[in-house]
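The values are calculated or read from the model by the stated rules, or taken from the named source; none is laboratory data. Nothing here was measured: the structure is a model prediction, and the numbers come from that model. In this analysis, Cβ positions are derived from the backbone assuming ideal geometry, glycine residues included, and neighbour counts consider all displayed protein chains. Surface areas here come from the heavy atoms of the whole protein model, side chains and all, with no ligands, DNA or RNA. Shrake-Rupley method; radii C 1.70, N 1.55, O 1.52, S 1.80 Å.
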Amino acid sequence: MDDLLLQIIVVCTCTFLGGFIDSISGGGGLITLPAYLAIGLPPHLAMGTNKLSSTAGTLTATIRYLRGGKIHLRTAGIAGVMALFGAVLGARLNMVLNEEYLRYLLLGVLPVIAFITLKKKKKNHGETDEHTLLNPSLLTALSMGIGFVIGTYDGFFGPGTGTFLIFLFTGLTHFDSTTASGNAKVVNLMSNISSLLTFALAGKVLFVLGLPGALFGILGNYIGAGLALRYNTKVIRPMLIVSLVLLFCKVAYDIVLPA
C-alpha cells in the first residue's frame, strides 16, 4: 500500500474517533495528535496539521450546539476571550517552569475529578440548567475565571482542556452538561483558530494530510454533537470519564517514558 494512502487512512480514522469524543466531552486531541506523530511528522508540523483538522471539527460541533440552543453565548464568549489572554500567560510560563510538576499534580487531581463526575453531588446535577440562580455579575466573574485559568493551562500544557472546561462550566456556573459542552466548544474554537493561524503563517500545516483529516474530524464531531444533544448527560458523563482516563494514561506515560 502506498505510504501516503496508509498515512491518510490512519489520520482519518483517528480524527473521526477524536472528533467524536471531543464533540461530547473534550479530549479528542489525545487521540489525533499522537496519530500525526505516529506517522512520522515532526512535532511542530504534527501540531499545526492537527490544528487544521481539530479547528474544522470544533467549528462543526459549535454550529450544531448553537443550532440546538445549547450555547450560552455571553458566558462562552467572555470565557473565550479570557482564555486567549490566559494562553499567552501559559505559553510564557512554559518557557520558565518545568511541566513535570504539573504532570505529577494532574496524576492526583484527575482521579478526584473522575470521582466527582461519577458521583452525583445532588439530584439532577449536570442534567438541568441552573445558571440563572447565580447573580449575573457572579456568573460573569466565574466565566472570566474559568476562561483565564483553563486558557493558562492550555498555553502551558494543553491536554484535556475541553474536558476541564465542561467540568467547570457544570460545577461552578451550574450549566447542564450539554450547554457546558457547547460553551467549551466556543472557547476551544477561539483558541484553535488563533493557534491554526500561527502555525499556518509559519508554514507548519501539511494540507495533504490535514484536509482529509479535517473532513473526517467534521464527520466525527457532527455525529458526536448530535448524540450529545439527543441524549444529554447519559452520553456526556460516560464520555467525560473516557477523556479523563485517556488524559491520566497520557500523563502517566509521559512521566514513565519522557520524550
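For region 198-216, a residue qualifies if it is in contact (Cβ under 8 Å) with a residue 12 or more places away in the chain and open to solvent by 60 Å² or more (accessible area, probe 1.4 Å), and the qualifying residues are Ala202, Lys204, Phe207, Val208, Leu211, Leu215, Phe216.
None of Ile63, Ile71 is without any contact (Cβ under 8 Å) to a residue 12 or more places away in the chain and under 17 Å from the mean Cα position of the chain (by Cα) except Ile63. Candidates in region 28-37 are the residues that are part of a helix (DSSP H, G or I) and of a type in the set (Gly, Ala, Ser); of these, the one that is least open to solvent (accessible area, probe 1.4 Å) is Ala35.
Remark: pairs (first residue in region 6-27, buried (at least 24 other Cβ atoms within 10 Å of the Cβ); second residue of a type in the set (D, E, K, R) and part of a helix (DSSP H, G or I); Cβ separation under 9 Å; 6+ apart in sequence or on different chains) = Asp22/Lys185; Ser23/Arg64; Ser23/Lys185; Ser25/Arg237; Gly26/Lys185.
Inspection of region 29-51 finds no residue satisfying the criterion of being hydrophobic (A, V, I, L, M, F, W, C) and modelled with pLDDT of 95 or more. The single residue among Ala79, Ala141 that is of a type outside the set (Lys, Arg), within 26 Å of Gly19 (Cβ to Cβ) and modelled with pLDDT of 80 or more turns out to be Ala79. Checked against the criterion of being under 30 Å from Val11 (Cβ atoms), surrounded by 22 or more Cβ atoms within 10 Å (Cβ to Cβ) and of a type in the set (A, V, I, L, M, F, W, C), the candidates Ala79, Ala83 yield just one match: Ala83. Of the residues in region 227-241, at least one is open to solvent by less than 10 Å² (accessible area, probe 1.4 Å), in a helix (DSSP H, G or I) and aliphatic (A, V, I, L, M).
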